[in-house]
Amino acid sequence: MAAYGRVVYQAVAETPSDAQLVASVAQGSDEALRALFERHGGSVTALARRMLGDRQEAEEILQDTFLSLHRHAAEFDGRRATLRTYLFAIARNLCLSRLRKRASRPRSARDADPHRASFQAAVGVNHDPLPGILVRGALARLSDADRELLEAAFYGGYSHSELAELHGLPLGTVKSRLRRALGKLRTYLDGGPA
Amino acid sequence: MSIEPRMLELLADHALDLLEPEAARRLEAELAASPELRAEAEALRGTLYAIPAGLEPQAPAPGAWEALLARTRETGTAPVRPAPVGPAPAAARRPTPPRRRPLALALALSLLLLALSLGWGTVQYRTAALHLHEQAVVAYWMRVPGMKVVPLQAVDGAPGVVHPGVVCLLPDGRAMVLQPHPAPADGDYVLYGLTGDSAGGGERVPLGQTRGTLIEFHADGLQAVELALPGPAGGVVARAALP
């Protein structure tokens, strides 16, 4: 019984990893692509919806992101980044391209905030919710001002000067706060002290 | 070699896509030449792109997978990696001399394999059941409005804990401690509740234990929680003050 913790580790390790599934996608496996779609599709949709504030556009971003993964699976290098980072980077870039074509960003982050209770979450069997809980915990440890600035930079894709104007802050303050917020977030995600 | 503060600032700006194009090109040239800088840049980028993991997943529209599959068929198959070509490893090519196995030995081995298979199958079933149960519990909690997340703080020098984890609190007083990894092989996570601060002389009460990753409890009347591991190198590994 004492070894049960180790057994859990073993079982988790035997679930195909992202890297293994991507390798199978590169070999042409639809099943592997589907497994990754089920594992990460909900998070990619949430990111796109948060950035664009539009369900239909978020669905298009989801499709384009996984189509890109399908085309470039052989180039994915799991030593450089996790698949989640890779997918989020593709989706974010696609969203930023759309945002730049628009005259404005979504008027309010709240309008597109999937954290709101009115949004129906869909957590599949393949989705591991622990990273989300840990990230929420780490973000909650940032000051409100730092978190808002970091999220505006990430989700809105605003430049330094745009952020300075939006938040009524000097340019240098925006830069230093963003760096500080990113550094703290890294420390918190690593389990470091406040 | 430590990275200079100015370079750390540049790397953060690079991760945030906030460098001017010329500055970005210069930095990328430096990254290409330095594995240490590259590793730091990738770590910062990983931190930044962890942010959307905090969003609640949104179910893709019905038929989304089928639509994607159709598009992959339209655009052709994924690049196929050629199978490794070349001589088989020497060990694989070496002819194995035929060996005679006494019937009794073969029978004993078969029985041993059968026993191991049955045992392993049972363990796998229980492990998968625990994992799925925990995922279902967390998924439920994430849907409850008003959930608060309080980070556990690692106790200095605490062994065996990669990340101290979090305490999740619901408005009705229900709570759970969530760890990113199951307890180490030599024992369970044990959770204690403190009913007062150290100066106030409160009680320390056991709240539960697990071999998995989460412990549910009720937070009413508790000032703090402590997470402990058993064994001589164990003891309290993390704690959190409750709001």
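A few comments on the model shown:
- For residues of A:177-190, the mean tally of beta carbons on other chains within 10 Å: 4
- For A:K175, a cut-off of 16 angstrom between C-alpha atoms picks up these lysines, skipping any fewer than 8 places away in its own chain: A:K184.
- Fraction in percent of alpha-carbon pairs per bin - 5 Å, the stretch A:11-80: 4, 17, 24, 22, 17, 11, 5, 1
- Per-residue average of Cβ from other chains inside 10 Å of B:179-188: 5
- Each of the peptides A:48-59, B:45-56 was scored by the mean count of other Cβ atoms within 10 Å over its residues; in descending order, highest first, they stand as B:45-56, A:48-59.
- Per-residue Karplus couplings for the stretch B:235-243, computed as 6.51 cos²θ - 1.76 cosθ + 1.60 with θ equal to phi - 60°, are listed in order as x, 5, 10, 7, 8, 8, 7, 8, x Hz, Gly and Pro entered as x.
- Cα pair distances in the stretch B:1-54, grouped into 5 Å bins until the bin that holds the longest one, percent each: 4, 20, 31, 26, 12, 6, 1
- Take each residue of peptide A:64-70, count the partner chain Cβ atoms within 10 Å of its Cβ, and average: the result is 4.
Values quoted throughout were computed directly from the atomic coordinates according to the rules given, and no laboratory measurement underlies them. On a predicted model such as this, the values are computed, not experimentally measured, just so you know. Quick reminder, even Gly has a Cβ in these numbers, built from the backbone with ideal geometry, and neighbours come from all protein chains shown.
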